[in-house]
1. Scan the helices (runs of 4 or more DSSP H) fully inside segment B:256-309 and keep the ones with 3 or more residues being out of contact with any Pro (no Cβ under 8 Å at 6 or more places or on another chain) and basic (Lys, Arg).
2. In segment B:71-103, which residues are more than 20 Å from the chain's Cα centre (by Cα) and farther than 19 Å from B:HIS55 by Cα?
3. Please work out which one of (1) buried (at least 22 other Cβ atoms within 10 Å of the Cβ); (2) away from every other protein chain (no Cβ under 14 Å); (3) free of Cβ contacts under 8 Å to residues at least 60 places away in the same chain is the condition B:ALA63 fails and give its number.
4. Which members of segment B:236-255 meet the condition of being closer than 26 Å to B:VAL126 by Cα and in a helix (DSSP H, G or I)?
5. From the residues in segment B:71-93 that are among the polar types (S, T, N, Q) and closer than 26 Å to B:VAL155 by Cα, which one is farthest from the other protein chains (Cβ to nearest Cβ)?
6. Filter segment B:134-179 for residues that are more than 18 Å from the chain's Cα centre (by Cα) and charged (D, E, K, R); which is surrounded by the fewest Cβ atoms within 10 Å (Cβ to Cβ)?
7. Quick check: anything in segment B:290-302 in contact (Cβ under 8 Å) with a residue 12 or more places away in the chain and hydroxyl-bearing (Ser, Thr, Tyr)?
8. Taking the options A:ALA104, A:ALA90, name whichever one is surrounded by fewer than 15 Cβ atoms within 10 Å (Cβ to Cβ) and in contact (Cβ under 8 Å) with a residue 40 or more places away in the chain.
Amino acid sequence: MKNLSRNPDIVWRVEKRREAEIIKALDAGEDVSDKGSVILIVSGMMHQLNLVGGRIWTLCDGQRSLDDLVEALSGEFEVERGELTGDVEAFVDDLLKRGWLKYA
Amino acid sequence: MTLDLLDTPLRVSWRLSPQCSSAVANLPTIAERLVEAGVFQVTLEGRPLAHPAVHEVLCIFAAGGLRVDLSCEGTAAELNSLGSGMPVRQIALDVASCLATDDFTVLSEQLETIRRKGFDPALLLVPRHDNVARIPRLFEFCRVHRVAKFKLPNVGIDVSVKNLSGAELVTPGDLLRLSRELPPDAASGLELEVHDLFLWELFCPDCQDSRSEYGGCQAGNSLGYIDAGGNLYPCASWPERLGSLLDHSVEALWALPARRRIREEIAETPEGCRGCRDLSICHGGCRGLARTFNRSHGSRDPLCGGPRR
């Protein structure tokens, strides 16, 4: 299976303090889906990814396939495997369409 | 998704001129701190090309993957220092001195010198009361001389550069006069980078949607400013010093209660903007200038003529 890599024109970083706060909130059972932890600048415009989106983005280093992403995330988030696979596929598909990710 | 408080700024402007009060030996420390902080982009203002440490600073930024823009006044010292292959994304030629002498021949020669060194220069003008009416002529100059980009940044209030009274700022009346004289296609074909919403809507009336992602004043969040002494501020238009980058990291200064309080202040709706139909677009505009110069009008952006109904 082909590996996924990030568009090298996009600059990005993990907001470490924010990420720690979000993980703490997640552990406390709060909904963190609208809280950003990764910042990207795409064509001069700033975007944010939430915790799961940010983890997927970080893992797309050209060394991992879609299956590898699901495998890595299944160890981090307590989600049923089929649901996780569907969510990852949908997210990756969206970023591929935007040109933010590509197959290496 | 709303923009949360960032760990450190994403874009920083840094005043770097030969008369910098920071010792040359200190500048690499500041540059390294910006790299460590994960800043994406640095704009070097003033006359950075004439500064003896500029090459060392640029090397640090290049090694750290930072994107660097710099401004240039077009002096011989700056243009001689500009080397082909310098790790700079863009050079913006400040046209203020040409406007003062009204000598555009010099400006075209400066542009050609920068081009010969392998760069595609932009033009830059800090819009003020005494120069805003000249902007259409500068747009025309850009078209004739194949300049693709024009930058209209915010007015800095760094007292070490100039002590502003507020009378220097563009007024709503200036904008009204300009709007009457501005040809409909004045900015067509130009890539504009406009800080102020009220200038932007004048020059870009057909691109309202492109500002839909704007979430309000970014002073003290994604923006920061460093003065010539190495002090970090929320932005060039906000007069509150957070601390020295010679003594502290960017992360430490961005984690201060003072920075949090500034962001809380920015999050409040200015009194003078209440009931305005366009508040969701401008979010109060330039909050630093409003706070400093327009408290008598409910801390509304000084360029705004009043709440729109």
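1. It comes to B:257-267.
2. B:ALA100, B:THR101, B:ASP102, B:ASP103
3. (1)
4. Across segment B:236-255, there are no qualifying residues.
5. For segment B:71-93, the residue satisfying everything is B:THR75.
6. Applying the filter and picking the extreme gives B:ARG146.
7. yes
8. Going through A:ALA104, A:ALA90 in turn, just one is surrounded by fewer than 15 Cβ atoms within 10 Å (Cβ to Cβ) and in contact (Cβ under 8 Å) with a residue 40 or more places away in the chain: A:ALA104.
The values are calculated or read from the model by the stated rules, or taken from the named source; none is laboratory data. Everything numeric here is computed off the predicted structure, so don't read it as measured data. Every residue, glycine among them, receives a Cβ derived from its backbone with ideal geometry; neighbour counts consider all protein chains shown.
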